[in-house]
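One structure below.
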Amino acid sequence: MTYVVRFADLGRGDIAVAGGKGANLGELTRAGLPVPPGFVLTTAAYRDVGVGAPIPEDMAREITDAWAELGEVPVAVRSSATAEDLDEASFAGQQDTYLNVRGAEALLEAVRQCWASLWTERAVAYRARQGVDSADIALAVVVQRMVEADAAGVMFTANPTNGRRDELVLSAAWGLGESVVGGSVTTDDLVVEKAGLTVASRTMADKAVMTVYADERTAEVPVPAERRRAPVLDDKAAAALAELGVRVEQHYGAPQDIEWARADGEFFLVQSRPITALPEPETAPPTEWVVPDPKAFYFRASIVEQLPDPLSPLFAALVDGSVTRSLQALMREFLRVDVAAPGIGLPTVNGYAYYRYSRAAMWQMTVGGTRAMRRLPAMGLPNWRDVAHPAYQAAVAAWRDRPLAGLTDAELLDGVGELLDAGTRYYTAVQAIIPLAASTEVLFTRLYDALVRRPGEPPASTFLVGFDSAPILAEKSLWDLAEWTRGHPELADAVRADPAAVWAGGGPAPAEEWRTRFRAHLERFGHATYNLDFMHPTPADDPAPLFEALRFALDGGGAGPYARQAAAVARREELTAAAVARLDPVRRGAFTRLLRWAQSYAPVREDALADIGLAWPQMRRMLAELGRRLVAAGRIAVPEDVYWLRPDEIAGGPVGDSVDLAERKALWRGRRRATPPQALPLHTFVDRFERWFPASGKQEGAVLHGTGASAGQVTATARVLSGPADFGRLQPGEVLVASITTPAWTSLFTLAAAVVTDVGGPLSHSSIVAREYGIPAVLGTGVATRRIPDGARVRVDGDAGTVTLLDEVDADAVPEAAAAARRPWRVAAVGAAGALAVGIWLRRRGRG
């Protein structure tokens, strides 16, 4: 039987015979690429001999004869497993390689050691993690003439950092490639643009060591001083190497991870495998924040806090005018001023939404706001309850039952704009509730801290929890579904195992009733938005993010919402009775009226915010219809691409070569890595306003400071979530780290041990819900999602407003900057005397 096959007789289809590495070297050789000659000892040899047995004489002779054809030169002997260098997994470094093997006896011994390396503890464990059965694999051995390399390295034919397919990345070091692959040397790194093969960037390293030939295999030696900081590849050499990389990628039709070597000015390819973990392409994050009008003010606050990511092109184009119209209406009705459209708006800077106010508009708002303060109560709860909320519900209902198939593209797009206008008008009305809710809580807190609270007593927020609000009712609804499901053991097992399959139509007999009940939950609460950009699904569109919370409730996780709320109510009433009993009449009157006022607004704020997304599921249905039509017309690839178009392109403008959706998506991903400033323009007196915003984005060091928004301390694993697609990654008892949380995130609070956000303050949704759940919260860090590694151990101190990255600092040496953490309370608060005065005024007016 023949056990040896030359490279020229192998191709990519011969993995079963030559393993992944051997098949790829054969494929490169047959393609005419510069591969050092060699041969493969096939998998049949491994199967016939076994690991521990000696190599039979006839097989040994075949190996040494093939080596003699190479000229009995020093060779590299490499393992080549059948589960290796594949599209889905590289298995790189799991089996052994032997370099500079000299002589027949050393060659045969290297073969035996390669076979044995298939069964090292490391290799077996790796296969187990990849789900590969060890009984299904075999090992071939590659024998290849050694290249006496003066330089070597690795080439990626797509950029593994940003996913860009139009860039190659070259890593280069002096000597043999072993020091590069083994990670013992810092390499020169170059980025080469495929178009023109020009070097786009170059990072020079201090290359202290290199691998060279030695009498026995290889050795690591110091790099001569004059070469340590010298470039391994000049621009001409980089272009020549990159040209080979382009040829390899074109031959395989997919990005490749290539090992290369250079000898006497000539490049050789010694390995190529698919890149198995290439991210989606993205551009470089922006570094300049240039505003369209340098004389205007740009702020990220209010509605923008629910737009933490760059906007999709379609939403950005529609929301600017929509917000402008709603703000103009607010100012006419509430402030009694007319502000021209150029003075206000919601434009984007590097894709991020900013409120824009001209100087004239800021002055008009200041003057009008002073006059309008007495109308604030009337514009708050009554307006929301009796006018804004019913009007919004009616606008959504008018579209919900209309058959979409009979509408033209223009009518669908106009309808989306109409519903978005309804949503922004509603949000504008909600803005009158938020300052009232905020001021009532601040006033009560100041009065309580100054004139009521005794040492050791709980914070004022304890008096404001235990009330039903939309997020709490949504949690109860899921809990009720879990309770019902537990009564059907077979169905409960199916939901635990795969809730998505049950939702899709599977499961035992009671599953249809389960789906009816879950559908009712989504109809009531599924419009809550994770992100106001309608590119992002709501729970009504995709309930998958709720499944982990449903599983947790199904297993009886935590005390449950009813028991937790009952305990909060009992504690609240006990504390209230104790305070009232010991206060004098004046303080008792102020305390009870301010408390009643704050309690009346606490749940209303969450109810109002939770309904902002009422129109979002309907808008997404309409846009999905448009997307399907565009796909049918051959204008976009998938219906979801509709969000990456602008309105004029949907309405019949060009969609094709002139509109590069892939480039738009890459730009969005790159921008998403940036931390947008809270106020623009930069380097002006506008910078001073950053202290009024919850996130500055400028923190460094192992201790992150934010707002201590819910008391308590927790040390646990951080889980950084970018959106609902990540919800399933949060495990019970972990710290939820997110850019911001909206009411749609509430299902995660049942699992989380603490909450940390980039954006938010003591009166935000995250704060209110964290207090309801009795977990610590530190909000408004500005940098948490970028500074906290996923899976890191952190200490969250909700009292001091700090998050400590325990892997980066000795915990005993960490100062707790409690005073700095509470700054947002000081900014918003009035003194105790002022709170008392307001309480007396309320008493006289009969308010509260």
> For I433, are the conditions met, namely being under 30 Å from F334 (Cα atoms) and aliphatic (A, V, I, L, M)?
Replying inline: yes
> If you go through region 257-277, how many residues are open to solvent by 70 Å² or more (accessible area, probe 1.4 Å) and part of a strand (DSSP E or B)?
Replying inline: 1
> Taking region 284-298 as the search range and keeping residues that are open to solvent by 50 Å² or more (accessible area, probe 1.4 Å) and aliphatic (A, V, I, L, M), which one is farthest from the chain's Cα centre (by Cα)?
Replying inline: V290
> Out of (1) over 29 Å from W597 (Cβ atoms); (2) surrounded by fewer than 20 Cβ atoms within 10 Å (Cβ to Cβ); (3) touching a residue at least 40 places away in the same chain (Cβ under 8 Å), the odd one out for A422 is which?
Replying inline: (2)
> Looking only at strands (runs of 3 or more DSSP E) that fall completely inside region 699-755, which ones have 1 or more residues that are of a type outside the set (K, R) and open to solvent by 30 Å² or more (accessible area, probe 1.4 Å)?
Replying inline: 703-705, 713-720
> Which of the following residues is farther than 13 Å from V154 by Cα, aliphatic (A, V, I, L, M) and either open to solvent by less than 70 Å² (accessible area, probe 1.4 Å) or modelled with pLDDT of 90 or more (or both): A242, A254?
Replying inline: A254
> Which pairs do you get when a residue that is at positive phi, found in region 551-562, comes within reach of a residue that is modelled with pLDDT of 85 or more, reach meaning Cβ atoms under 6 angstrom, with the pair 6+ apart or on two chains?
Replying inline: G558/T750; G560/W479
> Condition test on V339, is it assigned to a loop (DSSP other than H, G, I, E, B) and at pLDDT 85 or above?
Replying inline: no
>> Condition check: crowded, with 22+ Cβ neighbours inside 10 Å, modelled with pLDDT of 95 or more and either in contact with a helix residue (DSSP H, G or I) (Cβ under 9 Å, 6 or more places away or on another chain) or in a helix (DSSP H, G or I) (or both). Does L28 satisfy that?
In response: yes
>> Among (1) under 24 Å from A602 (Cβ atoms); (2) aliphatic (A, V, I, L, M); (3) surrounded by 24 or more Cβ atoms within 10 Å (Cβ to Cβ), there is one condition I775 misses while meeting the rest; what is its number?
In response: (3)
> Of the residues in region 425-441, how many are open to solvent by 10 Å² or more (accessible area, probe 1.4 Å) and modelled with pLDDT of 90 or more?
Replying inline: 2
>> V180 - would you say it is in a helix (DSSP H, G or I) and either without any contact (Cβ under 8 Å) to a residue 40 or more places away in the chain or surrounded by 13 or more Cβ atoms within 10 Å (Cβ to Cβ) (or both)?
In response: yes
>> Need the failing condition index for A563 against (1) touching a helix residue (DSSP H, G or I) at 6+ places or on another chain (Cβ under 9 Å); (2) closer than 16 Å to E475 by Cα; (3) in a helix (DSSP H, G or I); (4) open to solvent by 10 Å² or more (accessible area, probe 1.4 Å), just the number.
In response: (1)
> Which one of these is within 31 Å of the chain's Cα centre (by Cα), open to solvent by 20 Å² or more (accessible area, probe 1.4 Å) and without any contact (Cβ under 8 Å) to a residue 40 or more places away in the chain: A340, A301, A316?
Replying inline: A316
>> Can you find, within region 208-239, the residue that is surrounded by the most Cβ atoms within 10 Å (Cβ to Cβ) among those that are farther than 20 Å from E148 by Cα and among the basic types (K, R)?
In response: R229
>> I want to confirm something. Restricting to region 453-479 and keeping residues that are without any contact (Cβ under 8 Å) to a residue 40 or more places away in the chain and open to solvent by 20 Å² or more (accessible area, probe 1.4 Å), which single residue is nearest to the chain's Cα centre (by Cα)?
In response: G456
> When only residues in region 386-411 that are assigned to a helix (DSSP H, G or I), closer than 19 Å to L626 by Cβ and not aliphatic (A, V, I, L, M) count, which is most open to solvent (accessible area, probe 1.4 Å)?
Replying inline: R400
> Of T186, T157, T161, which residue is open to solvent by less than 20 Å² (accessible area, probe 1.4 Å) and either modelled with pLDDT under 80 or within 26 Å of L278 (Cβ to Cβ) (or both)?
Replying inline: T157
> If a residue has to be of a type outside the set (S, T, N, Q) and at pLDDT below 85 to count, how many in region 344-391 make the cut?
Replying inline: 18
> Do we find a residue being farther than 22 Å from F749 by Cα and in a helix (DSSP H, G or I) anywhere in region 461-481?
Replying inline: no
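Listed here are the residues, each with its yes/no results for (1) in contact with a strand residue (DSSP E or B) (Cβ under 8 Å, 6 or more places away or on another chain); (2) farther than 23 Å from Q731 by Cα; (3) not in a loop (DSSP other than H, G, I, E, B).
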residue: A500; (1), (2), (3): no, no, yes
residue: G506; (1), (2), (3): no, yes, no
residue: A509; (1), (2), (3): no, yes, no
residue: T516; (1), (2), (3): no, yes, yes
residue: R519; (1), (2), (3): no, yes, yes
residue: R524; (1), (2), (3): no, yes, yes
residue: L532; (1), (2), (3): no, yes, no
residue: M535; (1), (2), (3): no, yes, no
residue: D541; (1), (2), (3): no, yes, no
> Does region 220-237 include one or more residues that are closer than 22 Å to T157 by Cβ, hydrophobic (A, V, I, L, M, F, W, C), in contact (Cβ under 8 Å) with a residue 24 or more places away in the chain and in contact with a strand residue (DSSP E or B) (Cβ under 7 Å, 6 or more places away or on another chain)?
Replying inline: yes
>> Regarding region 480-496, can at least one residue be identified that is over 21 Å from I775 (Cα atoms), in contact (Cβ under 8 Å) with a residue 60 or more places away in the chain, open to solvent by 50 Å² or more (accessible area, probe 1.4 Å) and not acidic (D, E)?
In response: yes
>> So, D414, is that one surrounded by fewer than 17 Cβ atoms within 10 Å (Cβ to Cβ), at pLDDT 95 or above and not in a loop (DSSP other than H, G, I, E, B) or not?
In response: yes
> Does T576 meet the test of being in a loop (DSSP other than H, G, I, E, B), of a type in the set (V, I, T), in contact (Cβ under 8 Å) with a residue 24 or more places away in the chain and open to solvent by less than 40 Å² (accessible area, probe 1.4 Å)?
Replying inline: no
> Inside region 622-663, can you point out the residues that are of a type in the set (S, T, Y) and modelled with pLDDT of 95 or more?
Replying inline: Y643
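The values are calculated or read from the model by the stated rules, or taken from the named source; none is laboratory data. Quantities reported herein were computed from a predicted structural model and do not represent experimental measurements. Quick reminder, even Gly has a Cβ in these numbers, built from the backbone with ideal geometry, and neighbours come from all protein chains shown. Ligands, DNA and RNA are stripped out before the accessible areas are found, and what is left, the full protein with its side chains, is counted by its heavy atoms. Shrake-Rupley method; radii C 1.70, N 1.55, O 1.52, S 1.80 Å.
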